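Reading through the structure tokens given below for one structure.
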Amino acid sequence: MPLYLKEVDVVPEVAKFQSALIVPCRFCPALSLALRKDQPYIEFFRRFLKTEPYEQHINDIQSRLEKEGLRTSVFKSNLLNFIICMWTSRRREKLLEQAHQYEALVVMGCEGAYENVCDIVKSTDCQVFLGMESEGVLSAVSKFHWPFNISLELSNVTPMLYDKKREIRVEKSE
């Protein structure tokens, strides 16, 4: 089940750095923003697998960071590596290679995506920031429109909690 995410304004925190890489997951965040903005999730022939409100949100964050004087870029994904929590080892290596060029990483995804990115770049000096937060697990009804557009209607959101104190979770499991 996909997670329902809300945006987090990370620009004030990230603005103290000189460079930032935006690392987007292309599933749950895109679904969430399409639902919030009441826009199609997929417009296959118009945008292929990119969701307009999500792409706009990423562009807005990048523009705001650049206005603060940061050098920015967006980490590119491909069809096989669409969802951060299912990245191949090669995609993880690519992120690690690129992360060395940045001081901050902004993860546009759930807390699981954030944890994955933290694990990938733990050997670097990069600071990792969570650009979205989970509100819960979403249930939605898919609606197909010609020509192969997919919209969603939110049924409900089942709340969930995330303990941001990773050390506490590790201590409890030992």
Condition met for residue 88 (loosely packed, with under 12 Cβ neighbours inside 10 Å and of a type outside the set (D, E, K, R)): yes
Number of positions in region 31-64 that are modelled with pLDDT of 95 or more and over 16 Å from the mean Cα position of the chain (by Cα): 2
Pair list, Cβ < 9 Å and 6+ apart or interchain, from region 119-138 residues that are in contact (Cβ under 8 Å) with a residue 60 or more places away in the chain and of a type in the set (D, E, K, R) to residues that are exposed (fewer than 15 other Cβ atoms within 10 Å of the Cβ) and assigned to a strand (DSSP E or B): 133/6; 135/6; 135/159
Counted residues, region 72-122 - those being in a loop (DSSP other than H, G, I, E, B) and among the aliphatic types (A, V, I, L, M): 2
Candidate set from region 114-148 (those that are of a type in the set (A, V, I, L, M) and over 22 Å from residue 17 (Cα atoms)); member that is modelled with the highest pLDDT: 137
Leading residue by the ranking (nearest to residue 2 (Cα to Cα)) among those in region 66-85 that are without any contact (Cβ under 8 Å) to a residue 12 or more places away in the chain and surrounded by 12 or more Cβ atoms within 10 Å (Cβ to Cβ): 81
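The values are calculated or read from the model by the stated rules, or taken from the named source; none is laboratory data. Nothing here was measured: the structure is a model prediction, and the numbers come from that model. A quick note on method: Cβ atoms are made from the backbone with ideal geometry, for glycine too, and the neighbour counts reach across all protein chains shown.
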